[in-house]
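I have placed the structure first, in the form of structure tokens, so that the comments after it can refer back to it.
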Number of protein chains: 2
Amino acid sequence: MNLNDFRYFKKLSEMKSFSETAHYFNVSQPTITYAIKRLETEYDTKLVERKSYANSLSLTFSGQQLLQHVEKILREDNLVKADLSRIKQKKIKMGLPPIITNYLVPQIFDDLKDFDYLNRLIPVVDGSKELMERLKDGDIDLSLLGSTTLPVDPELEYKVLDIHAFKIIASKDRNFKDDLKLSDLINEDFIILDEKSVHKQVFNNFIDKYNVSPKIIFQTSDYKLLLQLVKENKGISFITETAISKTSGIQELQFNNLELPSFYIMIVYRRGTVKGSIFQKLISIFENITLKN
Amino acid sequence: MNLNDFRYFKKLSEMKSFSETAHYFNVSQPTITYAIKRLETEYDTKLVERKSYANSLSLTFSGQQLLQHVEKILREDNLVKADLSRIKQKKIKMGLPPIITNYLVPQIFDDLKDFDYLNRLIPVVDGSKELMERLKDGDIDLSLLGSTTLPVDPELEYKVLDIHAFKIIASKDRNFKDDLKLSDLINEDFIILDEKSVHKQVFNNFIDKYNVSPKIIFQTSDYKLLLQLVKENKGISFITETAISKTSGIQELQFNNLELPSFYIMIVYRRGTVKGSIFQKLISIFENITLKN
DNA sequence: CCTTACTTATAAATATTTTTTATCAATTAT
DNA sequence: ATAATTGATAAAAAATATTTATAAGTAAGG
């Protein structure tokens with residue numbers, strides 16, 4: 001049996017029309033009819049309910065169950081092509097979220113250079129959320145990621161490289177009393193990272209938990225810009241300490257009784273990625289960071 | 001492209017011989033050659049290293065990576081057939097480990113009868129380990145299971161129905177002092193469940209943890225037999241309290257400072273199983289047990 | 001070193017499977 | 001009622017997979 005039959009079936013279940021599905025694949029309409037028929041014969045079950053003609057078509061219970069499996073199979077099949085084509089190129093496509101990259105890469109730059117990895121890596125710079133998706137889609141081989149939770153996705157394997165904390169930061173020019181409470185910040189302007197980053201979500205949880213409503217005056221996905229603005233005292237911010245190491249002109253505000261989640265810095269890859277020596281070595285270079293710190 | 005090519009490829013990787021693989025599938029030898037060739041053309045990569053003829057054949061790096069995906073795809077394809085054939089029969093195949101079944105099923109027997117489930121269930125009686133495997137293979141739809149850990153397998157979903165403790169038990173005829181220590185049991189004969197059950201493993205961990213070496217005189221997979229033997233004072237045993245509810249003639253020994261893992265009683269099924277009303281209802285019947293207790 | 005046995009590859013023929021073309025029948029919309 | 005649309009079917013064509021027959025490479029035994 002042909003994988004195309006699965007593709008036809010899946011699309012049909014979405015489009016709910018034999019002829020449109022046929023058109024989508026640039027095949028004739030009977031092709032779809034016969035494909036479904038083949039599946040129904042193969043499994044000896046009715047899969048598609050052809051309600052009185054132009055009416056919307058639906059899957060039988062068996063059809064729904066089949067669809068579940070078909071989607072998994074096709075997803076896997078797409079991964080194959082993505083994987084093999086990258087192996088052929090002897091390149092490794094790596095996701096790099098800016099904050100983490102700026103923090104980690106300088107630490108291992110020499111190692112990467114020594115082992116001739118600099119030109120083997122195809123960097124993909126984006127937010128952690130987006131990178132996680134692209135990783136699962138097989139579009140990238142591995143990724144650095146920052147998150148407050150460890151991935152529960154069965155398909156992913158990860159190594160925690162570092163655990164950082166979130167901080168509330170302000171310009172060095174400002175003077176705050178020693179024993180700050182959140183309520184003291186009620187009149188402050190906040191500048192935060194936008195929804196591309198996990199920061200936004202953590203910030204929202206934070207707002208809920210402590211039942212405060214800080215004034216957000218600006219959001220950006222560019223953390224360097226954010227730091228610059230804070231430095232210039234355009235507002236205060238909320239960010240992982242990862243972002244502010246080796247940054248001057250900025251102070252961390254100290255609170256008591258302020259609980260914030262941990263920020264896990266990880267390297268993540270798909271389970272079952274056959275780890276060639278290049279891949280293996282790359283991961284070990286990153287793992288060694290943990291030892292250095 | 002045909003799923004058969006994947007099957008040929010997988011088998012070839014196991015058998016490491018084109019002609020044997022062909023023989024296995026009852027096809028001619030060139031069939032395998034062409035199948036591999038098709039895959040190699042499709043992915044534009046060499047997959048199989050044909051070492052100087054009669055020598056053992058090996059997969060290239062790309063081949064290994066492909067194999068990973070192929071195995072997933074074929075596993076999924078097998079699930080389809082198993083699933084759909086069971087749906088057709090309107091039957092639900094359910095795994096039942098004896099101890100848990102004897103404990104739970106009386107509690108819900110009337111419900112099962114009222115909703116006419118008694119003849120819809122195909123019972124599969126076996127140990128928890130075996131059942132877990134068969135569940136993943138799609139050979140059974142759902143299963144009761146007992147375990148000291150919650151399933152981490154991504155493919156499985158579960159509901160905890162009850163949490164029990166492990167006990168050390170002896171015949172009521174015996175007299176033990178109140179403040180028992182493990183060392184007091186050094187001369188006792190132990191009768192335990194064999195490796196088909198999780199008990200064996202828990203027992204082994206227990207031995208390691210407390211660094212004792214109890215004398216095991218008999219192992220069985222039949223817990224009723226075990227209880228009978230304990231009752232008759234042929235030895236003492238180690239078992240979850242699940243097994244001894246409503247059993248007379250047996251006492252639990254009390255220790256202080258004895259830490260044993262919890263025994264989770266769960267109902268487990270594959271994630272993505274399309275839950276028809278029958279399935280749904282069945283799970284809810286079992287879930288209601290939790291409320292009753 | 002030659003021969004035999006065994007293995008995989010290739011070409012051509014054949015068989016099987018998938019798709020198309022042409023057409024029909026059922027239904028909806030006008 | 002008629003036209004338009006949708007899915008089903010039969011027969012033909014096209015594409016794909018498999019077989020037969022054979023070649024060619026290698027290892028082992030004499």
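Where a number appears in this text, it was derived from the coordinates with a stated rule and is not lab data. Small disclaimer: the values here were computed from a predicted structure and weren't measured. Heads up, the Cβs are rebuilt from the backbone with ideal geometry, glycines too, and the neighbour counts pull from every protein chain shown.
Brief remarks follow.
- Whole-Hz ³J(HN,Hα) from phi, Karplus 6.51 cos²θ - 1.76 cosθ + 1.60, for region B:250-258, glycine and proline x: 10, 10, 8, 8, 9, 10, 9, 6, 10
- Ranking B:Leu145, A:Ile168, B:Ser56 by how far each Cα lies toward the positive end of the dipole of the protein assembly as shown (charges on Cβ) leaves B:Ser56 at the top.
- The calculated Kirkwood hydrodynamic radius for region A:1-152 is 18.7 Å, given to one decimal from all distinct C-alpha pairs.
- Reference-scaled alpha-carbon Rg (2.2 N^0.38 Å with N residues) for region B:170-293: 1.30
- A straight line joining the Cα centroids of region B:229-249 and region B:111-133 runs 25 Å.
- Helix-only [θ]222 nm of chain B, DSSP H runs n ≥ 4, -39500 (n - 2.57) each, per residue, nearest 500: -14000 deg cm²/dmol
- Ranked list, fewest to most other Cβ atoms within 10 Å of each Cβ, for A:Val198, A:Val124: A:Val124, A:Val198
- Per-residue HN-Hα couplings for region A:213-229 [Karplus 6.51, -1.76, 1.60; θ = phi - 60°; Hz; x = Gly/Pro]: 9, x, 8, 8, 9, 7, 10, 8, 9, 9, 6, 5, 4, 4, 4, 4, 5
- Copy-to-copy label separations for B:Arg174, where each label sits 7 Å from Cα toward Cβ, in nm and ascending: 6.9
- Region A:185-272: trypsin sites (Lys or Arg not before Pro) in DSSP loop, at most 10 other beta carbons within 10 Å: A:Lys246
- Within the same chain, aspartates and glutamates fewer than 8 places from A:Lys224 are excluded, and of the rest, those with a Cα less than 19 Å from its Cα are A:Asp126, A:Asp173, A:Asp189, A:Asp194, A:Glu195, A:Glu232, A:Glu241, A:Glu252.
- Sequence-separation-based contact order of region B:59-195, relative, with Cα cut under 8 Å and 6+ spacing, percent: 25 percent
- With neighbour counts taken as other beta-carbon atoms within 10 Å, the residues A:His23, B:His164, B:His69 rank, fewest first, as A:His23, B:His164, B:His69.
- With respect to chain A, whose longest principal axis is taken over its alpha-carbon atoms, helix A:198-210 is tilted by about 70°.
- Net +/- balance of residues flanking B:Ile169 in space, Cβ distance below 11 Å, scoring K and R +1, D and E -1: +2
- Annotation note: trypsin sites (Lys or Arg not before Pro) in region B:1-55 located in DSSP loop regions with a Cβ neighbour count of at most 11 within 10 Å are B:Lys51.
- Relative frequency of Cα-Cα separations exceeding 24 Å in region A:106-206, percent: 45 percent
- Pairs beyond 21 Å (Cα-Cα), from A:Lys81/A:Lys136; A:Lys93/A:Lys167; B:Lys172/B:Lys234: A:Lys93/A:Lys167
- The mean number of partner chain beta-carbon atoms within 10 angstrom of a residue's beta-carbon across peptide B:73-85 is 6.
- When all alpha carbon pairs of chain B are counted in 10 Å bins from zero, the resulting P(r) reads 6, 22, 22, 19, 17, 11, 4, 0 %.
- Considering only alpha-carbon pairs that sit under 8 angstrom and 6 or more positions apart, the relative contact order computed for region B:3-86 is 26 percent.
- Relative contact order of chain B: 20 percent, from C-alpha pairs under 8 Å at least 6 residues apart in sequence.
- For the protein assembly as shown, the alpha carbon convex hull comes to 254 Å³ per residue, rounded to a whole number.
- Interchain or long-range residues, amide H under 5 Å from A:Asn233's placed H: A:Ser171
- Given B:Lys159/B:Lys196; A:Lys72/B:Lys88; A:Lys177/A:Lys231; A:Lys46/B:Lys90; A:Lys11/B:Lys91, the pairs whose alpha carbons are separated by over 24 Å: A:Lys11/B:Lys91
- Amide H contacts under 5 Å for A:Thr60, placed H, 5+ residues apart: A:Val48, A:Glu49
- Restricting region B:90-193 to trypsin sites (Lys or Arg not before Pro) in coil, as DSSP defines it, with at most 10 other Cβ within 10 Å: B:Lys90, B:Lys177
- The phi-based Karplus calculation (6.51 cos²θ - 1.76 cosθ + 1.60; θ = phi - 60°) puts the 3J(HN,Hα) values of region A:133-143 at 5, 5, 5, 5, 6, x, 7, 10, 7, 7, 8 Hz, whole numbers, x for Gly and Pro.
- Degrees, to the nearest 10: A:98-114 long Cα axis against longest axis of chain A: 80 degrees
- Our analysis of region A:3-86 gives Rg over Rh at 1.00, with the two radii drawn from alpha carbon positions and Rh computed by the Kirkwood formula.
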